[in-house]
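Chemist: Supplied in structure tokens, the structure appears directly below.
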Amino acid sequence: MKYAIFLIGLLLSGCAPSIRQGARTLNDVPAIGTSSNPATKPAAGIPEMWWKEFNDAGLDRLVESALSNNPGLEEAKDRLEAAQAAVDETGGSLYPHVDSVGSFRRQRLSRNGNNTIYNGKTATIANVFPLFVNYDLDLWNRNGEIVSAAFASEKASEAGYRQSALMLSSSVIKTYFALNTARNLAEIQADIVRLTDEKNALLNAAYQSGIKPRGFSVASRADLFASKAALATLHQRQETLDFALLELVGRTPEKEIQTASASIPERFGIPERIDLDLVSKRPDIQAAIWNVRKASHLEKAAKDSFYPNINLFALAGFNSIGISDLLGPGGATYAYGPAIDLPIFEGGALEGRLHEKEASYDQAVHAYNRILLAAVRQIADALSAMRYSREKLEERSASLESRRTAAEIAESGFRSGISGRLPSLEAEISLDREKMKKMEENLNWIYSITDAATALGGGFGRWPS
């Protein structure tokens, strides 16, 4: 019997599809060196919870709260749990199934039946099988491929969970520093409004006394309106960022958190060589890899569907026409044997399913290649942004010192009576505006650090540990 089965399988294998050459994954990407980047310093990799390098307890609490309460992350966790349950469900197909079944029914039996004295009568038919065994031999490992595909899906969902946590932490960090920058900018802009108002009063008085023409007073008044409008814009930005942080964290943000205690590094630790091995540790790349493996297993399962399969069954119990005789000596029954599935003509269903899985595999490969290339570009862009953001921040710092010196000279001239109050006010306004530009550039530097850490996986390669 065993040899006959395999002979049938051999004969039918001529109807099975041949192995095709599907889409190919990228096996190499250009390595990126970082040793010449003045904004970076050598490091083994991005550490877990890397933002703790800022030494900002308020930021740490917000990120921790987001990772615990964010609805989007909780949704990703639910998808992971569903994928884990699917592995358990599909894994059951590899083992024998043992059930207990029973049925009772009233039935009118045909006069032409084979039930002798019960022919033409209505009787109660009882079937009780305490032992019912069903075992799919899975000769070609089709079920095994489906289980492997479910496991790959679980791993892809796990990587997707980490990717969600990575992007969430990045958004919280950026929003947190943007919010505090907006608060500080609003404070300085309020000072600019105060100084501009004082300047406008001086120019208006000079016009009234005939010292200055009216044009100076009108221009100063326009500057005052523009300064107030800029302050309103900053207040609006602050409120918008407040609610953005609320959405990310999943609760009301702490209104009084400031970044005074934050320690922003002058250089950020990045591995000196970024290659395929390092890039592939990103959660989104890991998810794409597992999706390719999942598609490969499902394609193999579709190919295995062309081959015959055997299902073994066995049952033991009681059946009877009439309940009174069900458990009697003559009521016992049993059955066993194989059930052979021979796919001969399926109307193109098997072939269509195979082509679908082949296309899904190619799609997964192309998605992996696309994500990999995008990751390399993202890392290169982030490192470039770090380099030039650091340069601009240093230039802005030098400019701020020059403005501060000019303001001190103008204030000294006013106090000594060499010059009037107007030059001193203009120098203070210029200094405040330079401070605001420095704050914006400092925020860009924080953004570039966050983008670089995110591009390299953000330390979420093994999260949660």
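The values are calculated or read from the model by the stated rules, or taken from the named source; none is laboratory data. Note that this is a predicted model, so its numbers are computed, not measured. As a convention, Cβ positions derive from the backbone with ideal geometry for all residues, glycine included, and neighbour counts pool all protein chains shown.
Chemist: Does ALA374 qualify as being free of Cβ contacts under 8 Å to residues at least 40 places away in the same chain and under 21 Å from the mean Cα position of the chain (by Cα)?
Modeler: yes
Chemist: May I pose another question? Among the residues of the stretch 414-443, what is the count of those that are hydrophobic (A, V, I, L, M, F, W, C), over 24 Å from ALA226 (Cβ atoms) and surrounded by 15 or more Cβ atoms within 10 Å (Cβ to Cβ)?
Modeler: Qualifying residue count, the stretch 414-443: 1.
Chemist: Test PHE243 against the stated conditions and say whether it is surrounded by fewer than 18 Cβ atoms within 10 Å (Cβ to Cβ), aromatic (Phe, Trp, Tyr) and more than 19 Å from the chain's Cα centre (by Cα).
Modeler: yes
Chemist: In addition: So which of GLU411, GLU391 is over 24 Å from the mean Cα position of the chain (by Cα), of a type in the set (Asp, Glu) and surrounded by fewer than 15 Cβ atoms within 10 Å (Cβ to Cβ)?
Modeler: GLU391
Chemist: Taking the conditions exactly as written (closer than 30 Å to PRO308 by Cα and either in contact with a Leu (Cβ under 6 Å, 6 or more places away or on another chain) or crowded, with 19+ Cβ neighbours inside 10 Å (or both)), does ALA150 satisfy them or not?
Modeler: Considered against the rule, which asks whether it is closer than 30 Å to PRO308 by Cα and either in contact with a Leu (Cβ under 6 Å, 6 or more places away or on another chain) or crowded, with 19+ Cβ neighbours inside 10 Å (or both), ALA150 comes out as yes.
Chemist: Still on this structure, please answer the following. Mind checking whether some residue in the stretch 289-302 is more than 24 Å from ASN27 (Cβ to Cβ), out of contact with any Cys (no Cβ under 8 Å at 6 or more places or on another chain) and not β-branched (Val, Ile, Thr)?
Modeler: yes
Chemist: Between PHE129, PHE104, which is under 15 Å from THR333 (Cβ atoms) and either touching a strand residue (DSSP E or B) at 6+ places or on another chain (Cβ under 7 Å) or assigned to a strand (DSSP E or B) (or both)?
Modeler: When all the criteria are applied, what remains is PHE129.
Condition check ((1) buried (at least 19 other Cβ atoms within 10 Å of the Cβ); (2) on the phi < 0 side of the Ramachandran plot; (3) not charged (D, E, K, R)) across all residues:
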site	(1), (2), (3)
LEU276	no, yes, yes
PRO283	yes, yes, yes
TYR307	yes, yes, yes
ASN311	no, yes, yes
GLY330	no, yes, yes
GLU358	yes, yes, no
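Chemist: Which ones in the stretch 309-358 are assigned to a strand (DSSP E or B), of a type in the set (A, V, I, L, M, F, W, C) and modelled with pLDDT of 80 or more?
Modeler: ILE310, LEU312, PHE313, ALA314, LEU315, ALA316, PHE318, ALA332, ALA335, ALA339, ILE340
Chemist: Specify the residue that is farthest from SER217 (Cα to Cα); the eligible residues are those in the stretch 404-455 that are outside any helix (DSSP H, G or I) and of a type outside the set (Val, Ile, Thr).
Modeler: GLY417
Chemist: Here is a follow-up. Only one of TYR118, TYR135 is in contact with a Phe, Trp or Tyr (Cβ under 8 Å, 6 or more places away or on another chain), among the aromatic types (Phe, Trp, Tyr) and over 30 Å from GLU48 (Cβ atoms); which?
Modeler: Exactly one of TYR118, TYR135 is in contact with a Phe, Trp or Tyr (Cβ under 8 Å, 6 or more places away or on another chain), among the aromatic types (Phe, Trp, Tyr) and over 30 Å from GLU48 (Cβ atoms), namely TYR135.
Let's see how each residue does on (1) in contact with a Gly (Cβ under 8 Å, 6 or more places away or on another chain); (2) part of a helix (DSSP H, G or I):
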position: VAL133; (1), (2): no, no
position: LYS155; (1), (2): no, yes
position: GLY160; (1), (2): no, yes
position: LEU166; (1), (2): yes, yes
position: PHE177; (1), (2): no, yes
position: THR181; (1), (2): no, yes
position: GLN189; (1), (2): no, yes
position: ILE192; (1), (2): no, yes
position: ALA201; (1), (2): no, yes
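Chemist: Also, quick follow-up: Tell me, please, whether a residue that is without any contact (Cβ under 8 Å) to a residue 60 or more places away in the chain, within 25 Å of ALA398 (Cα to Cα) and of a type in the set (Ser, Thr, Tyr) can be found in the stretch 429-448.
Modeler: yes
Chemist: Taking the residues in the stretch 444-465 that are under 30 Å from VAL193 (Cα atoms) and surrounded by fewer than 20 Cβ atoms within 10 Å (Cβ to Cβ) as candidates, determine which candidate is farthest from the chain's Cα centre (by Cα).
Modeler: Selected residue: ASN444.
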